[in-house]
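Chemist: The following block contains the structure, expressed as structure tokens.
The values are calculated or read from the model by the stated rules, or taken from the named source; none is laboratory data. Keep in mind that what you see is a predicted model, and the values were worked out from it rather than measured. Virtual Cβ from ideal backbone geometry, glycine too; neighbours counted across all protein chains shown. Heads up: the accessible areas ignore ligands, DNA and RNA and are worked out on the full protein's heavy atoms, side chains in. Shrake-Rupley method; radii C 1.70, N 1.55, O 1.52, S 1.80 Å.
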Amino acid sequence: MRQIKHACFIWLLLFCSQLHAQNTVNQLDSIAATILKSLNKENNQKIFLQTNRKVFAAGEKVWFKAFLVKALSYRLDTTSKNLFVDLVNSNDKVLKQLVLNTVAHQTDGAIDLNDSLSSGYYWLRCYTSEMIKQDTASIVIQPLYVINDKKPGADVLTQASKISGNVNVAFYPEGGSVITGINSTGALKVTDAEGNPVVTSGYIIDNHDSTVTNFTTNRFGLARITFYPKWFQKYVAVIHTGGPDIRYPIKAWDPFAVQISVIKQDKESLKAYITLEDSVYSRKYTTYILGISRDRFCFAGIGRGMCQVYIPVDNFPGGIATLLLFNEDKQLVSERKIFIDKDNYRLDVSTDKPNYHAKDRVGLYVNVKDAAGQPLVAALNIAVEDDRVMKMSDILEQDTLLPATLTLDDWLKRYKNKLAAEDKDLLMLAQPASYKGMAANDIQLTTAPGDNNELLVNLKGRIYDSKDKPMQGRVITEIVKQGNNAFIDVDTTSNEGNFSLRLPEDRGGTPLMLQVKDRRGNLETDFKVVVDTFSFPRFTTPPSLKSKFNLTGILPKTQVIKYHTDSVFAGVDKEWLAPVKVQTRAKKPDTYINSKRVNPFSHIITSDMISRDGFGGVGNAVLMVPGVTMSMGYLTILGGDGRGGNKTAEPILILDGVQVTGSNTEGIGDKSPVLRYLNLLPPGDIDFIEVLTGADAAIYGMRGGNGVIIVNTKNRAENTANGPSGMKIVSPKTYHIAPSFSMPDYSIKEIKEADAPDRRNTIYWNGNVVTDNNGNAAVSFYTADTRTTYSVVITGITANGEYIYKRMTINRK
């Protein structure tokens, strides 16, 4: 018979109690010290990825911010230099690919969605080379849904499907073992072929087909199973599917099992049992208990025999923690996850007014404190979206268990008030052992990540003559023109024609010009440049990570109306205006990439309009645009009404989404730095030029007061092109630099009174907000014309490694 009634009980709090046996103290101390050393050296990585929303229209821009942190401490990690972000489709084809600089903390950016994308699911992959090397399942995958009425796809947004096809069943016994002779508890998990939870019912039977207990799974596909297993009996779960029942064998009992189980938990403490199977039972059997939360110890104790343990939770931070049970040989024999229901930080957000009007300035103030009320320094990301658009993807994070961008820990912290205590603990029961196989005296440590950014910060290659022979001893000069500024670096080629030149950190998409001279200083004109290219990692996305979210009936018939690249509306409710059909004559197909166009009413200069003029023809083509003239030697649009008294202020120049440094400033030396820069661009590399004037330039705020010239280059297959004076033009792959988020500056009267309506959905995005030493930060932006409610979503990482989240609304009356 079981001897649990005669079990002895010994427990302690490591830092508050004293032990009579010094050897047990030394043993516990040895286990704790070894594991702590391992945790501190652990190099596993984790990524938090936040986008401005989850549902987009084709042609929009996806704004994102990624935080690369250590998996245990959640503190920012820079051991991997490169952080990759890919956009892939359902066939796992890479559509867009960026590389971010973690060392410089430049981990935010934007990805343009081509307007040719079909409706359906797409995914953002975020990862480091180290994560791929260790386990591709550790990368972050975030599902996106793209709407394109002109190109409907096979994927549709539907409710969770009923049981069909294969059903997956798993059983997680508490503490990892089924103990006979007492009530044993476990979690049964039922999912469909795509990993979605299945709500169903069933029962447990024994060898004699007798029903032991019944169960019903919840919305997470989980059911708590409690029964009294007997020796040498086998148990089977019978699951109803609407068709033939599924029979799943329950894990057999282990005669040598040792188990830790949680009996009761409240805000002050929890009560746990340590249970031994008869084959190992002894009143002197010693176990060592450790309570761990991320990278810190919160509890340690010693038990003998089968005993009851009271564990205070004051020393545990909020979130998921783990109880580990070791035997005398320092072997891990049982593991139990628990959830501590408390807040680790306080994030207060306020605005300067309760309500706002159209084109009104909003002052947003943020304060971050820890649980004790002390200010926290935090890196934040702030997004402000039309709430009607945000509702399209709300269900993704509220009704889906564990979205791809969140761990269960973060998800529970965010939505803990929406779950009953029983559901939280059931989720803990259903977690696989994360320390399985660990022995405190034999813990394998991972090696430090190693990735190469040499080709992202340096331009390397070789120079050949017309006969493909290396040109040695040549002086190669790199020139990067950015408005009034020029970045120059020089190297001399080796015997093999090799060279290495530094790349400017803020180059963005600006092309590089290479000039070659011989030892006498004579300019070389007949040469070829072969540039070493940076290689992106190649791998297949684990199918289990490419989840699809479910939206219930919010898009019965979607109509998409584009206003500009960052403003798309989808008709989802009665307050949205019905779409109006306009008939017009068919026009000739565009000879340029129309998806790059910012405004449908802007003036476009196509490549064939300037290619025949050679170098210098770009500036001439711009001067042919109505309203563009030279005034006092400087370029002006519509008379330069926005110059504000500065006669030398010129239109801003945007090259491939990046503002060229030095434009819109006073010229030094030569007049019209914008025109001079345009004349240096090779016409063959230009797809088209877009000129924005007046109200059309208002989306660039005060910067656009003098007009905007947007240059879009081609995606050329070849590496080099001929440049001015025998130069070669190269465009090496470099770190992605987040484009400036464009928004109008309505403090300027002319911009605020412009006739063009402001119908932006995303009215603010900032991925680089940092609180001061008092935990404070402040930002400002302007509302649009649409009368609506805006959702403000704030995410980030605190200095002590806490992932934070806050959502609030502001009203536009």
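Chemist: Kindly rank 341-353, 681-693 from highest to lowest mean number of other beta carbons found within 10 Å of each residue. Working shown, then result.
Modeler: Numbers: 341-353: 15.6, 681-693: 20.9.
Final packing ranking: 681-693, 341-353.
Chemist: Sketch the reach of a paramagnetic label on Q374 as a point 7 Å from Cα along Cα-to-Cβ, and name the residues of the stretch 768-793 whose backbone nitrogen lies under 17 Å away.
Modeler: Backbone N within reach: 772-776.
Chemist: Quick one: which of K369/K424; K61/K81; K54/K733; K460/K517; K353/K813; K133/K337 span more than 21 angstrom between C-alpha atoms?
Modeler: K369/K424; K61/K81; K54/K733; K133/K337
Chemist: K37 to N327: extension gain in nm, 0.36 nm per residue of separation minus the Cα-Cα distance? Before the final figure, lay out the partial values.
Modeler: Values: separation 290, 0.36 × 290 = 104.40 nm, distance 1.95 nm.
Fully extending the segment from K37 to N327 adds 102.4 nm.
Chemist: Now a separate question. For a Förster distance of 51 Å, can you work out the FRET efficiency between the beta-carbons of A104 and D518, rounded to the nearest 0.05?
Modeler: 0.85
Chemist: Sticking with this structure for a sec: Quick query: amide H of L459 versus all other amide H atoms, modeled in the peptide plane; which residues come in under 5 Å with a sequence gap of 5 or more or a different chain?
Modeler: For L459, whose amide H was placed from the backbone, the distant partners under 5 Å are L501, R502, L503.
Chemist: I'd like to compare 455-463, 412-420: which one has the highest average count of other Cβ atoms within 10 Å, and what's the full order after that?
Modeler: 455-463, 412-420
Chemist: Okay, moving on. Calculate the spin-label point distance for T492 paired with K151, positioning each point 7 Å from the Cα along the beta-carbon direction, and give it in nanometres.
Modeler: Taking the two extended label points, one gets 5.3 nm.
Chemist: Sticking with this structure for a sec: If r is the Cβ-Cβ distance from K460 to K96 and R0 is 25 Å, what FRET efficiency results, to the nearest 0.05?
Modeler: That gives a FRET efficiency of 0.50.
Chemist: Separate question: So the label point goes 7 Å from the Cα of K752 along Cα→C-beta, right? Which residues of the stretch 344-387 then have their backbone N under 13 Å from it?
Modeler: Of the residues in the stretch 344-387, 357-362 have backbone N under 13 Å from the label point off K752.
Chemist: With a 1.4 Å probe and all protein chains kept in place, how do F56, F741 rank by accessible area, largest first?
Modeler: F741, F56
Chemist: For the ranges 768-780, 217-229, what's the packing order if you count other beta-carbon atoms within 10 Å of each residue, average per peptide, and put the highest first?
Modeler: Packing proxy ranking, top to bottom: 217-229, 768-780.
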